Amino acid sequence: MRYAIVSDIHANLEAFCAVLEKIDEMEVDQIVCLGDVVGYNASPNQCADILRDRNIQTVLGNHDAVACGLEDPWGFNPVALAAAMWTRENLSEENLEWLRSLPDVLNFETFAAVHGAPKNRNTYLFTWEDILPHLSFLDEQNCNICFIGHTHSPGIFSTDGVYSVDDDSKFALGTGKSFFINPGSVGQPRDSNPHAAFGILDTEQNDFEQVRIKYPIEKAAKRVVEAGLPQFLADRLTLGK
């Protein structure tokens, strides 16, 4: 099986469409979304509609939870809060209900999918030390790979080291190892590379491929400004951080 793993779309329609076009070219068997469908950018309904129309299995992100009213925006900075409240006001009732229905974890036998840390979508996992307390989650899920999002930065965390993967290159997963893998963000990359990010897991070849693609950033940024969202959110798309 070949799985496309996408995360942190954040209502960026231009980036999401470009990513889906590339994924379709790569002929994967299934797409999995690690949450934060909405927030920050200006096309929440369009992005949610695509996920629903294509029956893409999706977990609940922290911005999704706030936007649909399941959680209060504790810890959100003023810009994130403004975008979350704008999103809540602009989401259709159908998409609000869909977000409320999303699970916290998905299990695909060979891997699990969450948004932030297992059992806490608001927790950031940046380092191996951050990962350590959550290794037991793999035993609970009876798998050796957990895909995570939330940080908007790609990375591979293994019991024998922390790895980075060059754009459009593959990483051999080997045998007998445990991994937490972050495919990066579709809609708001923060690793100083503005290109949209996603990953491909090939369970037969037992490898992970990091993919980065260009998309019309100027168009996405213009949508943000025209929607009345903070200028900073438009600017950071170009900066990739």
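The values are calculated or read from the model by the stated rules, or taken from the named source; none is laboratory data. Keep in mind it's a predicted model, so treat the numbers as computed, not measured. Methodologically, a virtual Cβ is constructed for each residue, glycine included, from the backbone with ideal geometry; neighbour enumeration extends over all protein chains shown. Protein only, heavy atoms only, side chains kept; ligands, DNA and RNA dropped before computing areas. Shrake-Rupley method; radii C 1.70, N 1.55, O 1.52, S 1.80 Å.
Pick from segment 1-43 the residues that are polar (S, T, N, Q) and closer than 20 Å to Asp64 by Cα: which of them is nearest to the chain's Cα centre (by Cα)?
Initially, segment 1-43 is screened for residues polar (S, T, N, Q), giving 7, 12, 30, 41, 43.
Checking which are closer than 20 Å to Asp64 by Cα leaves us with 7, 12, 41, 43.
On the way: Ser7: 1, Asn12: 12, Asn41: 14, Ser43: 16 Å.
It comes out as Ser7.
Test Ser153 against the stated conditions and say whether it is on the phi < 0 side of the Ramachandran plot, in contact (Cβ under 8 Å) with a residue 24 or more places away in the chain, in contact with a Lys or Arg (Cβ under 7 Å, 6 or more places away or on another chain) and of a type in the set (Ser, Thr, Tyr). Let's see the steps before the verdict.
Numbers: on the phi < 0 side of the Ramachandran plot: yes; in contact (Cβ under 8 Å) with a residue 24 or more places away in the chain: yes; in contact with a Lys or Arg (Cβ under 7 Å, 6 or more places away or on another chain): yes; of a type in the set (Ser, Thr, Tyr): yes.
So Ser153 passes the test.
Give the residue that is surrounded by the most Cβ atoms within 10 Å (Cβ to Cβ), with candidates limited to residues of segment 46-66 that are among the charged types (D, E, K, R) and closer than 10 Å to Trp98 by Cβ. Steps first, please.
Step one: list which residues in segment 46-66 are among the charged types (D, E, K, R), which gives 49, 52-54, 64.
Retained after the next criterion (residues that are closer than 10 Å to Trp98 by Cβ): 49, 52, 64.
Details: Asp49: 16, Arg52: 14, Asp64: 30.
Going through the qualifying residues, I end up with Asp64.
Only residues that are open to solvent by 30 Å² or more (accessible area, probe 1.4 Å), over 21 Å from Pro118 (Cβ atoms), in contact with a strand residue (DSSP E or B) (Cβ under 9 Å, 6 or more places away or on another chain) and in contact (Cβ under 8 Å) with a residue 40 or more places away in the chain: list them for segment 172-192, please.
Asp191
Within the group Ile23, Ile5, Ile9, which residue is open to solvent by less than 20 Å² (accessible area, probe 1.4 Å), in contact (Cβ under 8 Å) with a residue 40 or more places away in the chain, in a helix (DSSP H, G or I) and β-branched (Val, Ile, Thr)?
Just one listed residue meets the conditions, Ile23.
Here are some conditions: (1) closer than 19 Å to Asp104 by Cα; (2) out of contact with any helix residue (DSSP H, G or I) (no Cβ under 9 Å at 6 or more places or on another chain); (3) aliphatic (A, V, I, L, M). Val165 meets all but one. Which one does it not meet?
(1)
Here is a list: Pro73, Pro103. Which entry is surrounded by fewer than 24 Cβ atoms within 10 Å (Cβ to Cβ), part of a loop (DSSP other than H, G, I, E, B), of a type outside the set (D, E, K, R) and touching a residue at least 24 places away in the same chain (Cβ under 8 Å)?
Details: Pro73 fails: touching a residue at least 24 places away in the same chain (Cβ under 8 Å).
After ruling out the rest, the residue left standing is Pro103.
I'm checking my understanding of the structure. Among residues of segment 202-227 that are in contact with a helix residue (DSSP H, G or I) (Cβ under 6 Å, 6 or more places away or on another chain) and among the hydrophobic types (A, V, I, L, M, F, W, C), which one is farthest from Asp167 (Cα to Cα)? Write out each step before concluding.
Our first condition is that a residue be in contact with a helix residue (DSSP H, G or I) (Cβ under 6 Å, 6 or more places away or on another chain); within segment 202-227, this holds for 213, 215-217, 219-221, 224-225.
Among the residues that remain, those that are also among the hydrophobic types (A, V, I, L, M, F, W, C) are: 213, 217, 220-221, 224-225.
On the way: Ile213: 9, Ile217: 19, Ala220: 22, Ala221: 23, Val224: 27, Val225: 30 Å.
Checking each candidate, the answer is Val225.
Considering only residues that are touching a Lys or Arg at 6+ places or on another chain (Cβ under 7 Å), surrounded by fewer than 23 Cβ atoms within 10 Å (Cβ to Cβ) and not charged (D, E, K, R), which ones fall in segment 193-208?
Asn193, His195, Ile200 - these are the residues of segment 193-208 that are touching a Lys or Arg at 6+ places or on another chain (Cβ under 7 Å), surrounded by fewer than 23 Cβ atoms within 10 Å (Cβ to Cβ) and not charged (D, E, K, R).
Any residue in segment 76-92 that is in contact with a helix residue (DSSP H, G or I) (Cβ under 6 Å, 6 or more places away or on another chain) and of a type in the set (Ser, Thr, Tyr)?
yes
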